[in-house]
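K.L.:
I have a structure I would like to understand better, so I am pasting it below and will then ask my questions one at a time.
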Amino acid sequence: MDLIPEDGLIRVMERIRLHTVVIDRGHTTPCFIYEKSRTAAGYGQAWVGKKNYYVHRLAWLEEHGSWPEREIDHLCRQRACWNPDHLDEQHGRYLVRECKTCASDKQRVRRARGAR
């Protein structure tokens, strides 16, 4: 994945913070919900230059200094949340298998793979 210059990351994270609402959704700490722009699936998205990024991945980059090597799991189950405390790097199969609250997502993945 492309590296974002540090000043570009600082600017985009400042914009993200301006459009964030902090909401207690029952996780150990409040969710940081990005409200400006979301994908059809509900993930926050922001432009950096001419490229669009998921907000939670930008938060991961800011927190860890590098892009995640695997999928990011939202421990709070809120796709628009970018609180770094709620993000965990997981293998994609783990996400589908372990997500007990995402039955429709499991069915959609099985259909996409041709299974019933």
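Here, each number is a calculation from the coordinates, and none is a lab measurement. Bear in mind that the values here come from a model prediction, so they are computed numbers and not experimental data. Backbone-built Cβ (ideal geometry, glycine too); neighbour counts: all protein chains shown.
K.L.:
If the chain between A40 and Q90 were fully stretched, how many nm would it gain, using 0.36 nm times the residue separation less the Cα-Cα distance?
P.N.:
In short, 15.8 nm is gained.
K.L.:
Can you find, among A41, V55, H74, the residue farthest towards the positive end of the dipole of region 36-79? Put +1 on the C-beta of Lys and Arg, -1 on that of Asp and Glu.
P.N.:
Checking the options against the dipole of region 36-79, the answer is A41.
K.L.:
Quote the FRET efficiency, to the nearest 0.05, computed for E71 versus R15 with a Förster distance R0 of 22 Å and r equal to the Cβ-Cβ distance.
P.N.:
About 0.30, to the nearest 0.05.
K.L.:
Compute the FRET efficiency between E63 and D24 as 1/(1 + (r/R0)^6), taking r as their Cβ-Cβ distance and R0 = 25 Å, and round to the nearest 0.05.
P.N.:
After rounding to 0.05, the efficiency reads 0.75.
K.L.:
Count charges around I16 for me, please; just the other residues with Cβ under 14 Å from its Cβ, Lys/Arg as +1, Asp/Glu as -1.
P.N.:
The answer is +2.
K.L.:
What is the sum of charges around F32, taking Lys and Arg as +1, Asp and Glu as -1, for the other residues whose C-beta is under 11 Å from the C-beta of F32?
P.N.:
Charge balance near F32 sits at 0.
K.L.:
Based on a Kirkwood Rh over C-alpha pairs, give the Stokes-Einstein translational diffusion coefficient of region 6-90 at 37 °C and viscosity 0.692 mPa s in µm²/s.
P.N.:
256
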